[in-house]
Amino acid sequence: DLLLDVARVRRDFPILDREVHGKPLVYLDNAATSQTPRQVIEVFDEYYGRYNANIHRGLHTLADEATAAYEGTRDTVRAFLGAAESREIVFTCGTTEAINLVAGSWGRANLGEGDEVLISRLEHHSNIVPWQMLAAEKGFTLKVIPVDERGVLDQAAYRDLISERTRLVAVNHVSNALGTVNPVADMARVAHEHGALILVDGAQGAPHQKVDVQALGVDFYAFSGHKVYGPTGAGVLYGRAELLEAMPPWQGGGEMIATVSFEAPTTFAGIPHKFEAGTPAIAEVIALGRAIQWVEEIGLPLIGAWESRLLEHATRSVSRIDGLRILGTAPEKAGVLSFVVEGAHSQDIGLLIDQLGVAIRTGHHCAQPLLSSFGVDATCRASFAAYNTPEEVDVFVDGLERVVGMLR
Ligand SMILES: Cc1ncc(COP(=O)(O)O)c(CN[C@@H](CS)C(=O)O)c1O
(Lines give C-alpha, C1' and ligand atoms only; values in the text may rest on other atoms or scores of the structure.)
Protein backbone atom coordinates (compact mmCIF):
# COMPACT_ATOMS: atom_id res chain seq x y z
CA ASP A 1 0.00 0.00 0.00
CA LEU A 2 1.50 3.33 -1.08
CA LEU A 3 -0.35 5.28 1.58
CA LEU A 4 2.02 6.54 4.21
CA ASP A 5 0.63 6.94 7.76
CA VAL A 6 1.21 10.68 7.74
CA ALA A 7 -0.43 11.24 11.17
CA ARG A 8 2.11 8.88 12.72
CA VAL A 9 4.96 10.54 10.79
CA ARG A 10 3.89 14.02 11.91
CA ARG A 11 3.98 12.99 15.57
CA ASP A 12 7.78 12.74 15.22
CA PHE A 13 8.14 16.44 14.28
CA PRO A 14 7.60 18.82 17.22
CA ILE A 15 8.05 21.84 14.95
CA LEU A 16 4.86 20.94 13.07
CA ASP A 17 2.87 21.97 16.15
CA ARG A 18 4.08 25.53 15.68
CA GLU A 19 1.86 28.40 14.72
CA VAL A 20 3.01 31.22 12.45
CA HIS A 21 1.10 34.54 12.64
CA GLY A 22 -1.49 32.69 14.71
CA LYS A 23 -2.04 30.06 12.02
CA PRO A 24 -0.86 26.41 11.94
CA LEU A 25 2.52 26.17 10.20
CA VAL A 26 2.29 24.71 6.71
CA TYR A 27 5.93 24.01 5.85
CA LEU A 28 6.43 23.56 2.12
CA ASP A 29 10.09 24.62 1.78
CA ASN A 30 11.58 21.12 2.05
CA ALA A 31 13.87 21.44 -0.96
CA ALA A 32 15.69 24.16 1.02
CA THR A 33 15.87 22.09 4.21
CA SER A 34 13.67 19.36 5.66
CA GLN A 35 12.40 19.36 9.24
CA THR A 36 13.95 17.18 11.96
CA PRO A 37 12.31 14.29 13.81
CA ARG A 38 12.60 13.96 17.60
CA GLN A 39 14.77 10.87 17.15
CA VAL A 40 17.39 13.10 15.47
CA ILE A 41 17.03 16.08 17.79
CA GLU A 42 17.61 13.74 20.77
CA VAL A 43 21.04 12.75 19.44
CA PHE A 44 22.45 16.14 20.42
CA ASP A 45 21.22 15.81 24.01
CA GLU A 46 22.57 12.27 24.27
CA TYR A 47 25.92 13.05 22.66
CA TYR A 48 26.77 16.26 24.50
CA GLY A 49 25.20 14.94 27.69
CA ARG A 50 26.79 11.50 27.76
CA TYR A 51 29.65 10.77 25.37
CA ASN A 52 31.10 13.95 23.92
CA ALA A 53 34.77 13.34 23.08
CA ASN A 54 37.16 13.86 20.22
CA ILE A 55 37.26 10.87 17.92
CA HIS A 56 39.82 8.40 16.55
CA ARG A 57 42.95 9.15 18.57
CA GLY A 58 41.60 9.10 22.11
CA LEU A 59 42.27 6.05 24.27
CA HIS A 60 39.46 6.36 26.76
CA THR A 61 35.87 5.20 27.01
CA LEU A 62 34.16 8.42 25.88
CA ALA A 63 36.44 8.67 22.86
CA ASP A 64 35.74 5.04 21.97
CA GLU A 65 31.99 5.57 22.27
CA ALA A 66 32.07 8.75 20.15
CA THR A 67 34.28 7.08 17.55
CA ALA A 68 32.01 4.03 17.36
CA ALA A 69 28.94 6.22 16.86
CA TYR A 70 30.67 8.42 14.24
CA GLU A 71 32.11 5.48 12.28
CA GLY A 72 28.81 3.62 12.70
CA THR A 73 27.16 6.32 10.59
CA ARG A 74 29.63 5.58 7.81
CA ASP A 75 28.25 2.08 7.43
CA THR A 76 24.65 3.35 7.75
CA VAL A 77 25.35 5.70 4.82
CA ARG A 78 27.10 2.92 2.88
CA ALA A 79 23.95 0.78 3.11
CA PHE A 80 21.71 3.81 2.37
CA LEU A 81 23.55 4.47 -0.91
CA GLY A 82 24.24 0.84 -1.76
CA ALA A 83 27.99 1.49 -1.83
CA ALA A 84 30.39 -1.47 -1.89
CA GLU A 85 32.54 -0.31 1.02
CA SER A 86 32.25 2.07 3.98
CA ARG A 87 35.59 3.66 3.04
CA GLU A 88 33.86 5.05 -0.09
CA ILE A 89 31.81 7.33 2.19
CA VAL A 90 33.49 10.69 2.98
CA PHE A 91 31.80 13.02 5.45
CA THR A 92 31.64 16.68 4.42
CA CYS A 93 29.52 19.53 5.74
CA GLY A 94 27.12 19.20 2.81
CA THR A 95 26.67 18.83 -0.94
CA THR A 96 28.49 22.06 -1.72
CA GLU A 97 31.62 20.96 0.14
CA ALA A 98 31.42 17.48 -1.41
CA ILE A 99 31.42 18.90 -4.95
CA ASN A 100 34.21 21.35 -4.06
CA LEU A 101 36.20 18.40 -2.73
CA VAL A 102 35.94 16.56 -6.07
CA ALA A 103 36.81 19.74 -7.97
CA GLY A 104 39.66 20.65 -5.64
CA SER A 105 41.20 17.19 -5.42
CA TRP A 106 40.30 15.07 -8.46
CA GLY A 107 39.72 18.12 -10.70
CA ARG A 108 42.90 19.97 -9.80
CA ALA A 109 44.97 16.78 -10.30
CA ASN A 110 43.35 15.61 -13.55
CA LEU A 111 42.03 18.57 -15.55
CA GLY A 112 43.98 20.88 -17.85
CA GLU A 113 44.11 22.57 -21.25
CA GLY A 114 42.16 20.63 -23.88
CA ASP A 115 40.05 18.75 -21.35
CA GLU A 116 36.29 19.26 -21.09
CA VAL A 117 33.81 19.07 -18.19
CA LEU A 118 30.14 18.71 -19.08
CA ILE A 119 27.50 20.14 -16.73
CA SER A 120 23.89 21.06 -17.43
CA ARG A 121 21.60 24.10 -17.52
CA LEU A 122 19.62 22.49 -14.66
CA GLU A 123 22.49 22.73 -12.21
CA HIS A 124 22.47 24.38 -8.80
CA HIS A 125 25.23 26.98 -8.35
CA SER A 126 27.18 24.51 -6.18
CA ASN A 127 27.61 22.30 -9.28
CA ILE A 128 28.44 25.21 -11.59
CA VAL A 129 30.67 27.67 -9.73
CA PRO A 130 33.35 25.20 -8.48
CA TRP A 131 33.85 24.07 -12.11
CA GLN A 132 33.95 27.67 -13.38
CA MET A 133 36.53 28.59 -10.71
CA LEU A 134 38.68 25.56 -11.56
CA ALA A 135 38.34 26.11 -15.35
CA ALA A 136 39.68 29.64 -14.83
CA GLU A 137 42.65 28.15 -12.98
CA LYS A 138 43.37 25.08 -15.10
CA GLY A 139 42.23 26.16 -18.57
CA PHE A 140 39.83 23.31 -19.38
CA THR A 141 36.54 23.93 -21.18
CA LEU A 142 33.16 23.84 -19.46
CA LYS A 143 30.22 22.78 -21.65
CA VAL A 144 26.52 22.91 -20.77
CA ILE A 145 23.80 20.39 -21.66
CA PRO A 146 20.65 22.37 -22.57
CA VAL A 147 17.14 21.77 -21.21
CA ASP A 148 13.88 21.94 -23.14
CA GLU A 149 10.81 24.06 -22.29
CA ARG A 150 9.61 21.32 -19.86
CA GLY A 151 12.89 21.47 -17.97
CA VAL A 152 14.00 18.08 -19.32
CA LEU A 153 17.69 17.62 -20.16
CA ASP A 154 18.29 17.27 -23.91
CA GLN A 155 19.82 13.78 -24.13
CA ALA A 156 20.52 14.12 -27.88
CA ALA A 157 22.50 17.28 -27.16
CA TYR A 158 24.27 15.41 -24.33
CA ARG A 159 25.42 12.73 -26.80
CA ASP A 160 26.57 15.45 -29.22
CA LEU A 161 28.43 17.46 -26.58
CA ILE A 162 30.28 14.54 -24.97
CA SER A 163 33.48 13.47 -26.67
CA GLU A 164 36.83 11.81 -26.00
CA ARG A 165 37.90 15.16 -24.52
CA THR A 166 35.21 14.98 -21.83
CA ARG A 167 36.83 13.99 -18.55
CA LEU A 168 33.84 14.51 -16.24
CA VAL A 169 30.06 14.80 -16.50
CA ALA A 170 28.56 16.60 -13.46
CA VAL A 171 24.76 16.70 -13.23
CA ASN A 172 22.07 16.76 -10.58
CA HIS A 173 19.88 13.75 -9.91
CA VAL A 174 16.86 16.01 -9.34
CA SER A 175 16.52 19.71 -10.12
CA ASN A 176 15.87 21.72 -6.95
CA ALA A 177 14.24 24.51 -8.98
CA LEU A 178 11.98 22.45 -11.28
CA GLY A 179 11.78 18.96 -9.78
CA THR A 180 13.00 17.26 -12.99
CA VAL A 181 14.37 13.76 -12.32
CA ASN A 182 17.33 13.05 -14.63
CA PRO A 183 18.10 9.58 -16.09
CA VAL A 184 21.49 9.44 -14.36
CA ALA A 185 22.02 5.70 -14.94
CA ASP A 186 21.74 6.20 -18.72
CA MET A 187 23.91 9.32 -18.53
CA ALA A 188 26.53 7.38 -16.57
CA ARG A 189 26.61 4.69 -19.26
CA VAL A 190 27.14 7.32 -21.99
CA ALA A 191 29.83 9.02 -19.91
CA HIS A 192 31.73 5.76 -19.41
CA GLU A 193 31.41 4.87 -23.12
CA HIS A 194 33.46 8.04 -23.75
CA GLY A 195 35.96 7.40 -20.97
CA ALA A 196 34.50 10.13 -18.76
CA LEU A 197 33.62 9.97 -15.06
CA ILE A 198 30.24 11.10 -13.72
CA LEU A 199 29.50 13.04 -10.54
CA VAL A 200 25.88 13.25 -9.47
CA ASP A 201 24.64 16.04 -7.20
CA GLY A 202 22.13 14.07 -5.16
CA ALA A 203 20.99 16.83 -2.80
CA GLN A 204 17.41 16.50 -4.10
CA GLY A 205 17.77 12.87 -5.19
CA ALA A 206 18.60 11.20 -1.87
CA PRO A 207 15.53 12.58 -0.02
CA HIS A 208 13.03 11.45 -2.61
CA GLN A 209 14.08 8.08 -4.00
CA LYS A 210 16.09 5.02 -3.12
CA VAL A 211 19.62 5.59 -4.45
CA ASP A 212 21.86 2.65 -5.38
CA VAL A 213 25.16 4.12 -6.52
CA GLN A 214 26.41 0.80 -7.90
CA ALA A 215 23.20 0.19 -9.88
CA LEU A 216 23.31 3.80 -11.14
CA GLY A 217 26.97 3.27 -12.08
CA VAL A 218 28.00 6.73 -10.83
CA ASP A 219 31.56 7.54 -9.79
CA PHE A 220 30.69 10.27 -7.25
CA TYR A 221 27.39 11.01 -5.49
CA ALA A 222 26.88 13.92 -3.07
CA PHE A 223 24.05 14.78 -0.68
CA SER A 224 23.32 16.91 2.42
CA GLY A 225 22.05 15.63 5.75
CA HIS A 226 19.72 18.57 6.27
CA LYS A 227 17.64 17.59 3.24
CA VAL A 228 17.08 14.04 4.42
CA TYR A 229 15.56 14.93 7.82
CA GLY A 230 19.02 15.32 9.41
CA PRO A 231 20.95 18.31 10.75
CA THR A 232 22.90 20.94 8.86
CA GLY A 233 26.69 20.55 8.97
CA ALA A 234 26.87 16.94 7.86
CA GLY A 235 26.84 15.73 4.27
CA VAL A 236 28.29 12.92 2.22
CA LEU A 237 30.52 12.40 -0.76
CA TYR A 238 30.38 8.87 -2.13
CA GLY A 239 33.35 8.06 -4.39
CA ARG A 240 34.43 4.78 -5.95
CA ALA A 241 37.33 3.50 -3.82
CA GLU A 242 39.91 3.37 -6.60
CA LEU A 243 39.13 7.00 -7.50
CA LEU A 244 39.35 8.24 -3.90
CA GLU A 245 42.60 6.29 -3.39
CA ALA A 246 44.19 7.92 -6.46
CA MET A 247 43.04 11.44 -5.45
CA PRO A 248 45.41 13.76 -3.55
CA PRO A 249 44.26 15.03 -0.12
CA TRP A 250 42.09 18.16 -0.23
CA GLN A 251 42.55 19.83 3.20
CA GLY A 252 45.66 19.31 5.32
CA GLY A 253 45.71 18.80 9.07
CA GLY A 254 45.16 16.22 11.78
CA GLU A 255 43.39 12.87 11.09
CA MET A 256 44.27 12.91 7.37
CA ILE A 257 47.98 12.00 7.90
CA ALA A 258 49.98 8.89 8.67
CA THR A 259 53.31 10.59 9.56
CA VAL A 260 54.32 14.25 9.57
CA SER A 261 58.00 15.14 9.48
CA PHE A 262 60.37 17.91 8.44
CA GLU A 263 63.06 15.41 7.49
CA ALA A 264 61.00 13.18 5.16
CA PRO A 265 57.84 13.68 3.06
CA THR A 266 54.67 13.68 5.13
CA THR A 267 52.53 10.61 4.43
CA PHE A 268 48.76 10.49 4.41
CA ALA A 269 46.00 8.35 5.88
CA GLY A 270 44.05 5.93 3.69
CA ILE A 271 40.51 6.66 2.52
CA PRO A 272 38.18 8.03 3.72
CA HIS A 273 40.18 9.72 6.50
CA LYS A 274 42.58 11.26 3.96
CA PHE A 275 39.67 13.60 3.14
CA GLU A 276 38.53 14.31 6.70
CA ALA A 277 41.06 16.78 8.15
CA GLY A 278 40.56 18.16 11.65
CA THR A 279 37.81 17.61 14.19
CA PRO A 280 34.58 16.91 12.30
CA ALA A 281 31.00 17.81 13.18
CA ILE A 282 30.78 14.69 15.35
CA ALA A 283 27.24 15.08 16.74
CA GLU A 284 25.94 16.10 13.31
CA VAL A 285 27.35 12.99 11.66
CA ILE A 286 25.86 10.77 14.37
CA ALA A 287 22.54 12.60 13.94
CA LEU A 288 22.76 12.07 10.17
CA GLY A 289 23.01 8.34 10.83
CA ARG A 290 19.89 8.51 13.01
CA ALA A 291 18.04 10.49 10.31
CA ILE A 292 18.84 7.85 7.71
CA GLN A 293 17.60 5.14 10.09
CA TRP A 294 14.39 7.14 10.50
CA VAL A 295 13.98 7.43 6.71
CA GLU A 296 14.74 3.74 6.14
CA GLU A 297 12.16 2.70 8.75
CA ILE A 298 9.45 4.27 6.56
CA GLY A 299 11.22 3.56 3.26
CA LEU A 300 12.02 5.98 0.45
CA PRO A 301 9.74 4.23 -2.07
CA LEU A 302 6.78 5.01 0.22
CA ILE A 303 8.00 8.56 0.91
CA GLY A 304 8.57 9.18 -2.81
CA ALA A 305 5.12 7.84 -3.72
CA TRP A 306 3.48 9.96 -1.01
CA GLU A 307 5.24 13.10 -2.25
CA SER A 308 4.17 12.31 -5.82
CA ARG A 309 0.54 12.21 -4.67
CA LEU A 310 0.99 15.58 -2.96
CA LEU A 311 2.66 17.00 -6.08
CA GLU A 312 -0.16 15.75 -8.29
CA HIS A 313 -2.79 17.22 -5.95
CA ALA A 314 -0.96 20.57 -5.79
CA THR A 315 -0.35 20.69 -9.56
CA ARG A 316 -4.00 19.97 -10.28
CA SER A 317 -5.25 22.45 -7.67
CA VAL A 318 -3.08 25.43 -8.71
CA SER A 319 -4.18 25.02 -12.32
CA ARG A 320 -7.49 26.72 -11.30
CA ILE A 321 -5.56 29.97 -10.70
CA ASP A 322 -5.54 31.85 -13.99
CA GLY A 323 -2.29 33.47 -15.01
CA LEU A 324 -0.30 30.84 -13.07
CA ARG A 325 2.51 29.23 -15.09
CA ILE A 326 4.19 26.10 -13.80
CA LEU A 327 7.91 25.87 -14.57
CA GLY A 328 9.09 22.27 -14.71
CA THR A 329 6.65 19.96 -16.46
CA ALA A 330 8.93 16.97 -16.96
CA PRO A 331 7.14 13.61 -17.17
CA GLU A 332 9.24 12.43 -14.20
CA LYS A 333 9.41 14.85 -11.26
CA ALA A 334 10.18 14.75 -7.54
CA GLY A 335 8.10 16.73 -5.03
CA VAL A 336 8.86 20.27 -6.24
CA LEU A 337 6.31 22.71 -7.71
CA SER A 338 7.77 25.90 -9.16
CA PHE A 339 5.51 28.57 -10.63
CA VAL A 340 5.11 32.25 -11.52
CA VAL A 341 1.84 34.21 -11.52
CA GLU A 342 1.12 36.92 -14.06
CA GLY A 343 0.73 40.30 -12.41
CA ALA A 344 2.13 39.18 -9.03
CA HIS A 345 5.78 39.25 -7.99
CA SER A 346 6.96 35.93 -6.55
CA GLN A 347 8.49 37.62 -3.53
CA ASP A 348 5.23 39.40 -2.74
CA ILE A 349 3.38 36.08 -2.95
CA GLY A 350 5.91 34.49 -0.59
CA LEU A 351 5.68 37.30 1.95
CA LEU A 352 1.89 37.41 1.94
CA ILE A 353 1.35 33.66 2.05
CA ASP A 354 3.68 33.54 5.06
CA GLN A 355 1.06 35.67 6.83
CA LEU A 356 -1.25 32.67 6.39
CA GLY A 357 1.28 30.34 8.03
CA VAL A 358 2.47 28.86 4.73
CA ALA A 359 6.25 28.61 4.14
CA ILE A 360 7.32 28.39 0.50
CA ARG A 361 10.53 29.65 -1.11
CA THR A 362 10.69 32.45 -3.67
CA GLY A 363 13.73 33.59 -5.63
CA HIS A 364 16.23 32.01 -7.99
CA HIS A 365 16.88 28.88 -5.87
CA CYS A 366 20.64 29.08 -6.67
CA ALA A 367 19.78 28.21 -10.27
CA GLN A 368 20.08 31.58 -12.04
CA PRO A 369 21.20 30.18 -15.43
CA LEU A 370 18.19 27.84 -15.41
CA LEU A 371 15.64 30.49 -14.51
CA SER A 372 17.03 32.95 -17.06
CA SER A 373 16.51 30.28 -19.76
CA PHE A 374 12.82 30.37 -18.77
CA GLY A 375 12.81 34.17 -19.00
CA VAL A 376 12.32 34.70 -15.27
CA ASP A 377 14.64 35.73 -12.42
CA ALA A 378 12.48 34.28 -9.63
CA THR A 379 9.77 31.72 -9.04
CA CYS A 380 7.61 30.58 -6.15
CA ARG A 381 8.49 27.03 -5.11
CA ALA A 382 6.51 24.65 -2.94
CA SER A 383 8.39 21.44 -2.10
CA PHE A 384 7.05 18.42 -0.26
CA ALA A 385 8.22 15.94 2.36
CA ALA A 386 6.94 12.83 4.15
CA TYR A 387 5.03 14.86 6.78
CA ASN A 388 3.03 17.09 4.43
CA THR A 389 -0.68 16.36 3.90
CA PRO A 390 -3.29 16.90 1.17
CA GLU A 391 -5.06 19.24 3.62
CA GLU A 392 -1.89 21.36 3.84
CA VAL A 393 -1.81 21.50 0.04
CA ASP A 394 -5.40 22.81 0.14
CA VAL A 395 -4.43 25.50 2.70
CA PHE A 396 -1.53 26.46 0.44
CA VAL A 397 -3.61 26.69 -2.75
CA ASP A 398 -6.55 28.47 -1.08
CA GLY A 399 -4.04 30.91 0.42
CA LEU A 400 -2.34 31.35 -2.94
CA GLU A 401 -5.68 32.16 -4.56
CA ARG A 402 -6.41 34.78 -1.87
CA VAL A 403 -2.96 36.33 -2.08
CA VAL A 404 -2.97 36.49 -5.88
CA GLY A 405 -6.39 38.13 -5.73
CA MET A 406 -4.98 40.78 -3.36
CA LEU A 407 -1.91 41.40 -5.52
CA ARG A 408 -3.74 41.85 -8.78
C1 LIG B 1 20.43 20.38 -6.21
C2 LIG B 1 21.17 21.03 -5.08
N3 LIG B 1 22.52 20.94 -5.06
C4 LIG B 1 23.24 21.50 -4.06
C5 LIG B 1 22.62 22.18 -3.02
C6 LIG B 1 23.50 22.76 -1.92
O7 LIG B 1 23.25 22.05 -0.73
P8 LIG B 1 24.00 22.55 0.63
O9 LIG B 1 23.47 21.64 1.71
O10 LIG B 1 23.59 23.98 0.81
O11 LIG B 1 25.49 22.40 0.38
C12 LIG B 1 21.22 22.30 -3.01
C13 LIG B 1 20.53 23.08 -1.92
N14 LIG B 1 19.38 23.76 -2.44
C15 LIG B 1 18.63 24.63 -1.54
C16 LIG B 1 19.41 25.87 -1.16
S17 LIG B 1 19.67 26.90 -2.54
C18 LIG B 1 17.29 25.01 -2.20
O19 LIG B 1 16.55 25.81 -1.63
O20 LIG B 1 17.00 24.44 -3.26
C21 LIG B 1 20.49 21.70 -4.04
O22 LIG B 1 19.14 21.76 -4.04
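Using a Debye calculation, one point per C-alpha and no hydration shell, please list log10 I(q)/I(0) for the chain at q = 0.08, 0.09 Å⁻¹ in order. Each listed q corresponds, in turn, to -0.45, -0.56. When +1 charges are put on Lys and Arg Cβ atoms and -1 charges on Asp and Glu Cβ atoms, the dipole computed for region 122-281 relative to its Cα centre reaches about 120 debye.
Taken about its Cα centre, the chain carries a charge dipole of about 360 debye when Lys and Arg each add +1 at the Cβ and Asp and Glu each add -1 at the Cβ. The mean of 1/r over all distinct Cα pairs in region 363-408, once inverted, gives the Kirkwood hydrodynamic radius of 12.6 Å. The calculated P(r) of region 298-345, using every Cα pair and 5 Å bins from 0, goes 5, 19, 27, 21, 14, 8, 4, 2, 0 in percent. Measuring spread by the Cα atoms of region 299-408 yields a radius of gyration and Dmax of 13.5, 43 Å. Among Gln209, Leu122, Phe396, which residue has its Cα positioned farthest towards the positive end of the charge dipole of the chain, with +1 placed on the Cβ of Lys and Arg, -1 on the Cβ of Asp and Glu, and the dipole taken about the Cα centre? Of the listed residues, the answer is Phe396.
Its Cα gyration tensor gives region 228-348 an equivalent ellipsoid; the semi-axes, largest first and in whole Å, are 46, 18, 14.
Given Cα pairs under 8 Å that are at least 6 residues apart, what percent is the relative contact order of region 168-299? About 18 percent, as a whole number.
A simple charge model with +1 on the Cβ of Lys and Arg, -1 on the Cβ of Asp and Glu and nothing else charged puts the dipole of region 84-154 at about 140 debye relative to its Cα centre. With every protein chain in place and a 1.4 angstrom probe, the accessible-area ranking of Arg8, Arg78, largest first, reads Arg8, Arg78.
Alpha-carbon geometry of region 206-269: the Rg and the Dmax are 16.0, 51 Å, given in that order.
Rounded to whole Å, the principal axis extents of the Cα atoms in region 99-254 read 40, 37, 27, largest first. Radius of gyration (Cα atoms) of region 174-292, expressed as a multiple of 2.2 N^0.38 Å: 1.24.
Just so you know, the Cα atoms of region 1-137 work out to an Rg and Dmax of 20.6, 59 Å. Based on the Stokes-Einstein relation at 10 °C and a viscosity of 1.306 mPa s, and on the Kirkwood radius from alpha carbon pairs, region 276-329 is assigned a translational diffusion coefficient of 109 µm²/s.
Pairs of Cα atoms under 8 Å, at least six residues apart: use those to get the relative contact order of the chain, whole percent. Relative contact order, the chain: 23 percent.
The values are calculated or read from the model by the stated rules, or taken from the named source; none is laboratory data. Just so it is clear, the structure is predicted and the values come from calculations on it, not from any experiment. Note that we place each Cβ from the backbone using ideal geometry, even for glycine, and neighbour counts take in every protein chain shown. Quick note on the areas: whole protein, heavy atoms, side chains included, nothing else; ligands and nucleic acids left out. Shrake-Rupley method; radii C 1.70, N 1.55, O 1.52, S 1.80 Å.
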